[in-house]
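The block underneath contains the structure these notes are about, expressed in structure tokens.
The values are calculated or read from the model by the stated rules, or taken from the named source; none is laboratory data. No experiment lies behind these values; they were computed from the predicted model shown. Methodologically, a virtual Cβ is constructed for each residue, glycine included, from the backbone with ideal geometry; neighbour enumeration extends over all protein chains shown. Surface areas here come from the heavy atoms of the whole protein model, side chains and all, with no ligands, DNA or RNA. Shrake-Rupley method; radii C 1.70, N 1.55, O 1.52, S 1.80 Å.
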Amino acid sequence: MSTPANIVTKLPKVGTTIFTVMSALASEKGAVNLGQGFPDFNCDPALVQAVTNAMQDGLNQYPPMAGVQVLREAIADKVEKLYGRRYDPASEITVTAGATQGILTSVLCAVHAGDEVIVIEPAYDCYVPAIELAGGIPVFVQMEVGVHGYSIPWDKVKAAVTPKTRMIMVNTPHNPTGSVLKAADVQALADIVRGTDILVLSDEVYEHMVYDGRPHESLARHPELSQRTFINSSFGKTYHVTGWKVGFVAAPAAMTAEFRKVHQFNVFTVNTPVQYGLAAYMKDPAPYLDLPAFYQHKRDLFRDGLKNTRFELLPSEGTYFQCVKYGAISDLSEAEFCKWLTTEIGVAAIPVSAFYNTPKESGIVRFCFAKKDETLRLALDRLAKL
């Protein structure tokens, strides 16, 4: 009998994600799944029709490696109108197979073995594996949480910088906390990296989900930071099509040249008809300009309902996530509380402890409100028991 070949893992800490675990439990128990972050409603039929038109027009073969020109031009126009920075569609914008691929490629092209990358926790789960696959060393700085929600202690970020620091990763609006960078945060980051060769990776996939009249402080707005930043965004989040896995990365030409060296051997390019469909759909800016009001309605509906429970609501300034403290309800760990909530109450959430390299118990869980109003009302009916 032959024996299986041995393979040594490159990601020894990676196992089944908490999202998979909680979604499976929610399905098993018939719970309302407010754990995993995707909509339960359809996208605009006009977007589907635009992609269908592209397919029927025969646009089904390989596009250019960097993405179809008309889409890159549409992205450049949108970014310039919103944030005042003109990226060259030919040399500074690349269409990616979702933001996760864009993040991985940004890290792989810039981080060398032994380089340090500052990660601000809680952090989305793809950041650290990307750093480790590049041979880099993640250096963790934890956000602080107080009466005004989560904030970044920039003095601690500055203290974490060493001669080996190659990159700082930021995320605004922030998953999982729902916080957003303010102008003062952006200036603090600029002050830290000024005069260094430190690069920045800015995960801005929720860029159109900022509430209460606040602007999205894209790093594209900042004259200094835009010169050293890979900006990642996602059409999946913006247009309610997370399964299409299409995004883009905008960066200065020299950085984009290195990005594309990895991109061409990573995915080479992204599916053609969806790119043409998105380019056609982007001619109307209303869908993304109206998105803050669309999701703020859902946020407010959900928050108003939660006020009838013993949860303590943290601010939700952006994204489609709401974090809550549950200390008045239970002293279980975050993971165990989420399992109890799913099994006994019938609503699934995600423990924020899952977003730390070493799980940190803060007594906080995350709900997703990117759901139909009736889904949110059903969840609130069940949570009213608390």
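Here are some notes:
- Charge dipole (Cα centre; +1 on Lys/Arg Cβ, -1 on Asp/Glu Cβ; no other charges) of the chain amounts to roughly 180 debye.
- Under a model in which nothing but the beta-carbon of Lys, Arg (+1) and Asp, Glu (-1) is charged, region 206-296 shows a dipole of about 300 debye around its Cα centre.
- Whichever aspartates and glutamates have a C-alpha closer than 16 Å to that of K372, once near sequence neighbours (fewer than 8 apart) are set aside: D40, D44, D300, D304, D381
- Accessible surface calculations at 1.4 Å, restricted to protein heavy atoms, place the chain at 42 Å² per residue.
- Heavy-atom surface analysis with a 1.4 Å probe gives the chain a carbon and sulfur content of 54 percent of its accessible area.
- Placed amide H near N171: partners under 5 Å, 5+ positions off or other chain: D203
- For a straight C-alpha distance cut-off of 18 angstrom, the lysines reachable from K164 (same-chain residues fewer than eight places away being disregarded) are K156.
- Environment charge of G114, counting only residues whose C-beta is closer than 11 Å and scoring Lys/Arg +1, Asp/Glu -1: 0
- Listed peptides 174-181, 320-327 appear in the order 174-181, 320-327 once ranked by packing, highest mean of other Cβ atoms within 10 Å at the front.
- Our coupling estimate for region 213-226, obtained by passing each phi through the Karplus curve with A = 6.51, B = -1.76, C = 1.60 and θ = phi - 60°, is x, 6, x, 7, 7, 4, 5, 5, 5, 8, x, 6, 5, 4 Hz, Gly and Pro reported as x.
- Backbone phi angles across region 307-312, fed through the Karplus curve with coefficients 6.51, -1.76 and 1.60 (θ = phi - 60°), yield HN-Hα couplings of 5, 8, 10, 8, 5, 9 Hz in residue order; Gly and Pro are listed as x.
- Cα-based shape type of the chain, given that a ≥ b ≥ c are square roots of the gyration tensor eigenvalues and the cut on a/c is 1.5: rounded
- Residue by residue, region 148-157 carries 3J(HN,Hα) couplings of 9, x, 7, 8, 8, x, 5, 5, 6, 4 Hz when phi is fed to the Karplus relation 6.51 cos²θ - 1.76 cosθ + 1.60 (θ = phi - 60°); x denotes Gly or Pro.
- Per-peptide average of other Cβ atoms within 10 Å, ordering 147-154, 360-367, 136-143 highest first: 360-367, 136-143, 147-154
- Cα gyration tensor category, rounded, prolate or oblate, for region 156-279 with a/c compared to 1.5: oblate
- For region 120-199, with +1 on Lys and Arg beta carbons and -1 on Asp and Glu, the positive-most of A159, G146, C126 along the dipole: A159
- Fraction of beta bridges assigned by DSSP in the chain that are antiparallel (%, nearest 5): 50
- Distance violations [Cα-Cα > 31 Å] among K261/K298; K78/K339; K81/K360; K81/K182: K261/K298; K78/K339; K81/K360
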